[in-house]
Structures are given as C-alpha cells and as structure tokens.
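Taking it in order: structure first as structure tokens, then the write-up.
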Amino acid sequence: MFISSYKLKTWLNWPPVCAHLCTFAVAFSFSSTWQVPRDAFRYGGLVYAFLLTVAIVVVALPITLLQLAIGQLSQQDAVGVWKAVPFFKGVGYVRLLISMLALVYTSVYVSLTFTYLLYTVSNSIPFWECQYIVVPDDDETYIANATSCFNETFLAPVSEKPEYYVAVSLVIIVLSTLLPFTLFGPFKFMKRILYVLGPIIFILGIVIISCIGDGNGLTTFYNSSEIRNMVNPSIWYRALIQALLTSQTANGYLILAGDSIYTNTDVHWTSLIFTGTNVAAFWFGSIFWHGLTSGVDHDTSPVAVLVETYKAAVERELNTAWPILIFILLLLSGTVTMLTLLYPVFDHCRRFGGPKWRYIAIACSLVSVGGALAALGGGLTALSAIEDVVVPLLISVATIAEVLAFQLIYGRKTLVEDVEFLNGKPLANYWIIGWFVTPGIVLAFTMWWTVTWLIDDTKWQESPWEAILIVATFSTAVVIIVIFAAISVAKQMQYDALSKLQASFRPSRHWGPRDPIVHYYWLARREESERNLPRTSYRRQLGQFSGNISFGHISSTVSSKTSLENKKRSNSDDWMYTEYRRKYLEQTYPEIIQHNKKRSLSLDYSTVMKANFVITDVHITREVTNIVPELNNNNPNVPG
C-alpha cells in the first residue's frame, strides 16, 4: 500500500507516538543497562528484579502520576511547580542537585566506556598490559582477571598511572563540552536524538544476545542461596531508590517532561505506559547481562558491566567486534542518561537565568566536569560513595518532602481535583492510597538502612567516611530547603512576619495553567467544588496547553499541505464560554432551562425574570436574590 511522504510525516508527528518514542529511549538509559544489572550481580538477579518491580508498582508509579500531573497542569520545571507551596521551593533545588551529582558519576562511566571502546579498537582484547603478570620468585606467569586488569589500567591510582587519568579526563572534558550544545537550541533537537537512540539501543541488545548469548549464564539469574539477601536492608533500600531512578522521578525530569514531552497525553495512561516500559527494559537488561556472562562469580564494583564485558571476551575468546558493539550500546545508553540529567538543569537556567542563561548553564556544566574529575581521581571508592550513599539519601528526603507537601499542605482533595481536571474522569483509589503510603515506606526503609549501617561495628574499624557522608548529606538537604523557604517567606507581600509565613504555605497567584482559557475553567471548577455545586465537565482540546492543533482533529479528506493549513482554526473563546455556561446552568437550574427549552438561551436579565419569577413592587423573593446574581455576566464569582 502506497503511503505518501506527507502522511508518513504527519503520523510521525502525532503527539502520543512522539512522546512514547522518548519513553522508549529513556527506558534504555543507564538505569536498565548499567545500574540494575550491577545490583542484580550484587544481590541476585531474580530476587532483586522482583523487589524492584514491587517497588515501582507500589511507590514509583503513584509518584509518576503526581509529577506528570503537576508538570502538565502548571507547565513548570522541578522548581517552578513549588509555586503551589512556595515554602518548599528548596525541594526543587534538591532535585537539581541530584541531577548534578548523578551527572558526575555518569560522566565518568560514559568516559570510561568510550575510552575502552577506543582502546579495544586499537589493541583488541585482552589488553597487552593485562595479559601476563610476573609473580615474584616464580618463573611462571598467569593471565590476570578482568578486575585486576581494570585496576592496572584506567582505574589505577593517579599517582601510579597518571597517563590513564589524563586520557579519561580529556574524554570527560570533550563529552561534557559537546553534549550541552544539544540543549542550547530548541528542545526538538533533543527529542529527535531520543527518537533515534531508543530503537538503536534495543536492536543492538537483541542482536548481541541472540548471537553470543550463553544459555548457561541464565542459570545464574536465579540462585536459591540468594534468597537470604532478603533480610539485608541494603537490597530493599537499593531497590526502592532504583525504582525512583528508573521511573525518572528522582531528578525532576518527569515534571519537566509533563510540560514538554507529555503535554497532550492522558496522564493516567502515560504513567502506566512509562512505568511498564521501564519495567520491561530493566528485566531485559538483567537477563541480557546474565545471559552474556557464563561465570558464577560476577563483579559487583560500580563498573561491573565493563568488567563483565572484558571477562566474557577473554574467557569465551569472542571476536573483537562483539565487545565493541557492547561498548557502543553502553555509550549510547549513557548519552541518553546524560541528556535526561542535563535537561532539568538547563531548562531551569533558561526559565530563570534571563538573557544570559547560557552562561549560567555553561557554569553548571563546568561544575559537573570538576566534580567528575575529582571523583575519577578518588577512584571507585569516591564513585561508590556518591552513587550509593549521597544520591540515595537526597532522593529519600526530596521524595518524602514532595509527597507530604502536596498531600497535607496543598491538599489531597485539591490535588485529586487537579488530576481529574486534566483527565476528565474520577481518580481511582489506587493513586490516592499510593500517595498516602509512599512517604511512610520511603522513610521506613531509609531509617532501616541508615541505622543498620551506623550500628555495624565493622564499619567503624576504618575511617568513618560514609558516616560523615550520611550526616553531611542530610544536613545539606535540610539547609537547602530552609534557605529557600526563608527566601520565599521574605518575598511574600504581607505586612508582618506571621502573615508572610502563612502566605508561603498557600499557592501563589502564578500557580496553575498558563493558558488563560484553561486557567479560567480550572478556577471555575475549584469554586464549584468549594460551594458544593454540581461540577460540569470541561475537557481541554488536545494541543491547548502547547498551542498546537491535534492530528486527530484534522480531516481525513485533506490531500494537500495548503488545504491542511487552511483547515486549522483556533479554539473560539466565545464558543467555549457559551458551551460551558449552558452546561452549568442546565445542571444547576434544570427546572428553569427545561421550561424555556424552545426559547433562545439568552441570559438577558428581564427575560429570565418575566418567565420564571414573580416580582412585586415592594420586594424580590429570596430565591430571586440568590439566583439572579449568578446569571449576571458581570459577576466575577460565576464559574462559567
């Protein structure tokens, strides 16, 4: 069947298709290809994957809907959404700090992958530095294992092998310089990159596992002895934090995506599709790496997937092309990860940095480069401390504060009504229960992990750097929230300190949809709810938040681009106002409207009075006094 190029382009521009192409790409970020497989090596493949799935369904899925809804409603970023509760504006900056710290170790991992890719192309595997190590007082030699090889090359201490540190540092600087340019221009460029990278990563994974996968390696995916890890608080806490990272709810990306990528999608279905795609992706990643490696003893270091790639290539004598393809897969996946981490930071700079926002964004990039170089100098210990201690605690604090603030201060009832306004149908109890239990679950497992770690005597036999990190991280998060809370209170327009403090817990006048029409009906529904009046249904037109017309509203008979453009028309303010007003009156005063059904729906004051009310020369009945002002167009309290 012949399909014209114009129709193909139109279909590809269909908002839901484009949005979920981005979903597919983000699902194959480092969460699925690097972090989850590494944690599966640590705690057991099947056990960890099962706990991670439970954590996503119970905790991450409700937060996904929450962030998508508030992002789509307000069209703000992780900081801007706190116009709903200005006192907690610092939580948004904690989200951006998480992005910056995650960018530090992600940059190191991507740079190491790119360096090993170049080294494999020029030298092949095994590397000549690692083939043989001479044992003192022994004439025999032996082949070094993969972990020793990595520690002897690019992960060697700077004082011993400075040339390797310089090589990786140059790659970090180059990547961190080139990648931000994709975010300096329109956001469309980044989305087009995601459209391409997602399918490429998936196809590469299928080709690799189909050609060199080892069925014997899958037997290590489940080991009955690993069930004992279930009593270890680390596996539960790590699964919980990884669920938030996998669902992209940790760093503010999903809030921003609600404004940019998922503007015109149903938040319920988008939450389910986004979460389901990520679950399928990390199961695929876990099975991929267990099927690639045939050994029982897996590496559990932060760079476990690189070590396992080298080990599989040496032990199974694979052709050099296969480790190169694996490194390319990891490199593309890391690129997606860096984009999702950079995007919230750069967008915030664009919104609040003024005309010079690019200079501020460059400064943020330089800070991340400096942190990556410092972390690389500290080796795997520094990377592990940032990834396994600092970032998880910041995620816990931000998640608890965010959900509690929207539930208790902004108001659960108001939040539910906002989601129903976006979706046009009642909100299921699952989401409400999920918002209710999430803070308790996150707090409980965070305290369990922290207390268990602090009372472990073996941890205190060495320098207590991790204990210091735990205290410093929690203190930093609290200080950030308090500082920006004080700034928000000071900016309030009230006359005394107590009034300013109270005002900082109420939504600002800039909170809500930016589109004037949508904002009007959003406020109208709130007034109806406060006055316990029947709520009329308002379903926004697809494309109304973004200003674009939906593909679904284009006539199928249009055959040319010129005629298509002529078919576009904007929403009429008068038409929408009249329709909403008519529905409101029909539901509120059905006896009046039904009596005048054959007459025009005029809201003329005298017509309504003569037809339905008895007016005496002395007084007007109480019923007239209550109804007529609501029918007056000049009344500012009229919902519609």
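The values are calculated or read from the model by the stated rules, or taken from the named source; none is laboratory data. Since we're looking at a predicted model, the values are computed, not measured. Cβ: placed from backbone, ideal geometry, glycine included. Neighbour counts: every protein chain shown. Only protein heavy atoms, including side chains, enter the accessible area calculation; ligands, DNA and RNA are left aside. Shrake-Rupley method; radii C 1.70, N 1.55, O 1.52, S 1.80 Å.
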Pick from segment 446-457, criterion open to solvent by 50 Å² or more (accessible area, probe 1.4 Å) and not polar (S, T, N, Q), ranking: nearest to Ala250 (Cα to Cα): Met447
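Is one or more of the residues making up segment 231-242 over 23 Å from the mean Cα position of the chain (by Cα) and over 30 Å from Met100 (Cα atoms)?
Checked against the condition, which is being over 23 Å from the mean Cα position of the chain (by Cα) and over 30 Å from Met100 (Cα atoms), segment 231-242 yields at least one hit.
One line per residue, one yes/no per condition, for (1) in contact with a His (Cβ under 6 Å, 6 or more places away or on another chain); (2) of a type outside the set (Asp, Glu); (3) closer than 17 Å to Pro86 by Cβ; (4) at pLDDT 90 or above:
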site	(1), (2), (3), (4)
Leu394	no, yes, no, yes
Ala398	no, yes, yes, yes
Val403	no, yes, no, yes
Tyr410	no, yes, yes, yes
Phe421	no, yes, no, no
Gly424	no, yes, no, no
Ile432	no, yes, no, yes
Phe436	no, yes, no, yes
Which listed residue, of Pro323, Pro355, is free of Cβ contacts under 8 Å to residues at least 12 places away in the same chain and at negative phi: Pro355
Any hit, segment 338-352, residues being assigned to a helix (DSSP H, G or I), closer than 18 Å to Leu178 by Cβ and out of contact with any helix residue (DSSP H, G or I) (no Cβ under 7 Å at 6 or more places or on another chain): no
Among the residues listed as Leu376, Leu427, the single one being open to solvent by less than 20 Å² (accessible area, probe 1.4 Å), touching a helix residue (DSSP H, G or I) at 6+ places or on another chain (Cβ under 8 Å) and not in a helix (DSSP H, G or I): Leu427
Matching helices (runs of 4 or more DSSP H) fully within segment 186-278 where at least 1 residues are at pLDDT 90 or above and basic (Lys, Arg): 233-246
Glu308 being modelled with pLDDT under 90, in a helix (DSSP H, G or I), charged (D, E, K, R) and open to solvent by less than 20 Å² (accessible area, probe 1.4 Å): yes
In segment 284-330, the residues that are β-branched (Val, Ile, Thr) and either in contact with a Cys (Cβ under 8 Å, 6 or more places away or on another chain) or under 18 Å from Tyr43 (Cα atoms) (or both): Ile287, Thr293, Val296, Thr300, Val303, Val305, Val307
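With respect to Leu422, is the statement that it is in contact with a helix residue (DSSP H, G or I) (Cβ under 7 Å, 6 or more places away or on another chain) and farther than 21 Å from Tyr237 by Cα true? Before you say what the answer is, go through the steps one by one.
Numbers: in contact with a helix residue (DSSP H, G or I) (Cβ under 7 Å, 6 or more places away or on another chain): yes; farther than 21 Å from Tyr237 by Cα: yes.
So Leu422 passes the test.
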Breaking point among (1) closer than 30 Å to Gln76 by Cα; (2) open to solvent by 20 Å² or more (accessible area, probe 1.4 Å); (3) in contact (Cβ under 8 Å) with a residue 40 or more places away in the chain, for Phe189: (3)
Search result, residues across segment 474-520 that are assigned to a helix (DSSP H, G or I), surrounded by fewer than 16 Cβ atoms within 10 Å (Cβ to Cβ) and free of Cβ contacts under 8 Å to residues at least 12 places away in the same chain: Ser475, Val479, Ala486, Ala490, Ala497, Leu498, Ser499, Gln502, Pro516, His519
Long-range neighbours under 8 Å by Cβ, at least six apart or interchain, first residue free of Cβ contacts under 8 Å to residues at least 24 places away in the same chain within segment 432-445, second open to solvent by 10 Å² or more (accessible area, probe 1.4 Å): Ile432/Arg412; Ile432/Val416
Unmet criterion (only one of (1) within 28 Å of Ala372 (Cβ to Cβ); (2) among the charged types (D, E, K, R); (3) open to solvent by 10 Å² or more (accessible area, probe 1.4 Å)) for Lys83: (1)
Residue among Val369, Val345, Val305, Val314 that is among the aliphatic types (A, V, I, L, M) and under 17 Å from Gly252 (Cβ atoms): Val345
Condition check for Glu402: among the acidic types (Asp, Glu) and within 20 Å of the chain's Cα centre (by Cα): yes
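Which one of Ala361, Ala405, Ala398 is buried (at least 23 other Cβ atoms within 10 Å of the Cβ), small (Gly, Ala, Ser) and farther than 17 Å from Thr106 by Cα? Don't jump to the end; show me each part of the working.
Numbers: Ala361 fails: buried (at least 23 other Cβ atoms within 10 Å of the Cβ); Ala405 fails: buried (at least 23 other Cβ atoms within 10 Å of the Cβ).
From the options Ala361, Ala405, Ala398, the qualifying one is Ala398.
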